[in-house]
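To start, the structure itself, in structure tokens.
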Amino acid sequence: MRWDEWAAVHPGAFPETPWLGPEAIEFFKGILRPGFRALEHGAGGSTIWLARRVAWLTSMEHDPGWLAAVERALVESGLRHKAAVVRVPIAQEPDFKDRAGAAIASGRRWDLVYVDGHVSGRAFVIELGAQQLRPGGWMVIDNVGGRDGDPDYWERTYGVADALRRLDGWERTDIQAWVDGKHNATAFCRKPA
């Protein structure tokens, strides 16, 4: 479900949890630490949820309307001092790599990189995010499963498979779930210490 569809069904409300299955949320809670510096690709309910659980969060979002809604929710939740939401266009726009690269490099070393944004930019965020992730840090990648019965759709279409292969040798736990009536898989990948 897109943010505008969700907002139409829930007027005046804002989601305050990631759109993950319950088991994935519980696993996610177990890896987070209050001192973490986190990077998020794709803002939303997860932004509020993460900002409550980490020391600092930088979130990248391509949609200006959704970015504004997330910023309002951060202010209303009293979390604006713990998070920055920056506009990073989708990968087809000419300044994507410059803007995404600047946001990723801004943390020097991240404890957590959460990838759940527009699929066109995922491979780049996974590759550069892995370089900026501290040893022992976590990369969480949502929607690693397929689409419409094609288990390799995202990987084949957007080059995510190559980026994920660069994480070979990392500890990896995949959690399957049904979210909004659709199959979803989330990969929790830990960089070797």
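Here are some notes:
- Residues in region 175-191 that are open to solvent by 70 Å² or more (accessible area, probe 1.4 Å) and either modelled with pLDDT of 85 or more or touching a Gly at 6+ places or on another chain (Cβ under 8 Å) (or both) were compared, and the one that is nearest to ILE126 (Cα to Cα) is ARG190.
- Hits in region 31-70 (condition: in a loop (DSSP other than H, G, I, E, B), open to solvent by less than 20 Å² (accessible area, probe 1.4 Å) and either over 18 Å from GLY121 (Cα atoms) or without any contact (Cβ under 8 Å) to a residue 24 or more places away in the chain (or both)): LEU32, PHE36, VAL54
- Of residues in region 102-135 being β-branched (Val, Ile, Thr) and in contact with a strand residue (DSSP E or B) (Cβ under 9 Å, 6 or more places away or on another chain), the one nearest to ARG190 (Cα to Cα): VAL113
- Against the list (1) modelled with pLDDT of 90 or more; (2) of a type in the set (Phe, Trp, Tyr); (3) part of a helix (DSSP H, G or I), the condition TRP154 fails is (1).
- Conditions (1) farther than 22 Å from GLN131 by Cα; (2) touching a Gly at 6+ places or on another chain (Cβ under 9 Å): number failed by GLY78: (2)
- Those strands (runs of 3 or more DSSP E) lying entirely in region 71-146 with at least 1 residues without any contact (Cβ under 8 Å) to a residue 60 or more places away in the chain, open to solvent by less than 40 Å² (accessible area, probe 1.4 Å) and touching a helix residue (DSSP H, G or I) at 6+ places or on another chain (Cβ under 8 Å): 83-87, 133-142
- So SER59, is it closer than 23 Å to GLY35 by Cα, under 13 Å from the mean Cα position of the chain (by Cα) and not aromatic (Phe, Trp, Tyr): yes
The values are calculated or read from the model by the stated rules, or taken from the named source; none is laboratory data. What you see is a predicted model, and the numbers here were worked out from it, not measured in a lab. Virtual Cβ from ideal backbone geometry, glycine too; neighbours counted across all protein chains shown. We work out accessible area using only protein heavy atoms, side chains counted, and drop any ligands, DNA or RNA first. Shrake-Rupley method; radii C 1.70, N 1.55, O 1.52, S 1.80 Å.
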